[in-house]
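Encoded as structure tokens, the structure appears first; notes follow it.
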Amino acid sequence: MADALLEARDLAALNARHEGGSSLRLIRELLEENRSARICAVSGFGAGSAVLLHLVSRIDPGLPVLFVDTGKLFPATHRHRAELVEALGLRDVRTVSADAGAIARGNSGGALWMRDRDACCDLRKVEPFRAAVSDFDIWISGRKRYQGAGRETLPLFEADGPRLKVNPLAFWTGGDIDVYCAAFSLPRHELLAQGYRSIGCEPCTTPVREGEDERAGRWRGLTKSECGIHIPQTPPIAAEGSAS
Ligand code: SF4
């Protein structure tokens, strides 16, 4: 592959180049410098998703956006998705889901999320997502350091197996998100008004209290803090010889 970013394999240089800069410029340069790469964004259409999707839409509203529908999302999330797709003119949002047979087998002993949440996330989120993202060389996520729960040292660019993963909002704060959404009059997820600040599946998401990390309401009371799609795949791209 002739694209500069994937050939460079210099994640440290990429991170230094863009840290604290314009996230819009980062995404624009990523797309311009990797025209032959297959690039997608990934969004759960949750509490803070509007910013990344708006940035993407300002550059290329036809960029594929992967949306993992676990079948356990809040109805409000589906409404927010429809609202954002309409408002931003997103043209290629792809719903990714486990097949019905796999879910039926997983639930054969009762609701899987009640018995084994790691297995449920693997079935409903991680496996379908990994299959879908395997069609791409680069994926863009909306994670931020301020969200806590292990994201405090999130880089802008990181390796994810053979793929490059980009987190253009890594250095944004919650205040930045609010200011940006207000400046562009972006639709907000309706559950924000009920105290939800990170919004995943309905059975595994609760509102957060004052002073808690944004993701404290996810899998509350459990040691689990991520569904698994953000656990880096191995080997990292920097250890491989070529991305082509
Ligand atoms: S967040 Fe909960 S309901 Fe959703 S896939 Fe994971 S365990 Fe299942």
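The values are calculated or read from the model by the stated rules, or taken from the named source; none is laboratory data. Fair warning: this is a prediction, and the values are worked out from it, not measured in the lab. Virtual Cβ from ideal backbone geometry, glycine too; neighbours counted across all protein chains shown. Protein only, heavy atoms only, side chains kept; ligands, DNA and RNA dropped before computing areas. Shrake-Rupley method; radii C 1.70, N 1.55, O 1.52, S 1.80 Å.
Take the conditions (1) open to solvent by 30 Å² or more (accessible area, probe 1.4 Å); (2) within 16 Å of the ligand (Cβ to nearest atom); residue 175 misses just one of them, which is (2). Is at least one residue of the range 181-190 in contact with a Phe, Trp or Tyr (Cβ under 8 Å, 6 or more places away or on another chain) and aromatic (Phe, Trp, Tyr)? No: zero hits. Could you tell me whether the range 46-61 includes any residue that is in contact (Cβ under 8 Å) with a residue 40 or more places away in the chain and open to solvent by 40 Å² or more (accessible area, probe 1.4 Å)? No, the range 46-61 contains no residue that is in contact (Cβ under 8 Å) with a residue 40 or more places away in the chain and open to solvent by 40 Å² or more (accessible area, probe 1.4 Å).
Taking residue 203 as the residue in question, decide whether it is part of a loop (DSSP other than H, G, I, E, B) and either in contact with a Leu (Cβ under 7 Å, 6 or more places away or on another chain) or of a type outside the set (S, T, N, Q) (or both). It is false that residue 203 is part of a loop (DSSP other than H, G, I, E, B) and either in contact with a Leu (Cβ under 7 Å, 6 or more places away or on another chain) or of a type outside the set (S, T, N, Q) (or both). Contact map, the range 185-212: residues that are free of Cβ contacts under 8 Å to residues at least 40 places away in the same chain paired with residues that are open to solvent by 50 Å² or more (accessible area, probe 1.4 Å) and within 14 Å of the ligand (Cβ to nearest atom), Cβ distance under 8 Å, separation 6+ or inter-chain. Pairs shown: 206/220.
Only one of the listed residues (94, 151, 81) is out of contact with any strand residue (DSSP E or B) (no Cβ under 8 Å at 6 or more places or on another chain) and of a type in the set (D, E, K, R). That residue is 151.
Could you check, for the range 96-115, whether at least one of its residues is within 18 Å of the chain's Cα centre (by Cα), surrounded by fewer than 20 Cβ atoms within 10 Å (Cβ to Cβ), modelled with pLDDT of 95 or more and not aromatic (Phe, Trp, Tyr)? Within the range 96-115 (the criterion being within 18 Å of the chain's Cα centre (by Cα), surrounded by fewer than 20 Cβ atoms within 10 Å (Cβ to Cβ), modelled with pLDDT of 95 or more and not aromatic (Phe, Trp, Tyr)), the answer is yes, since at least one residue qualifies.
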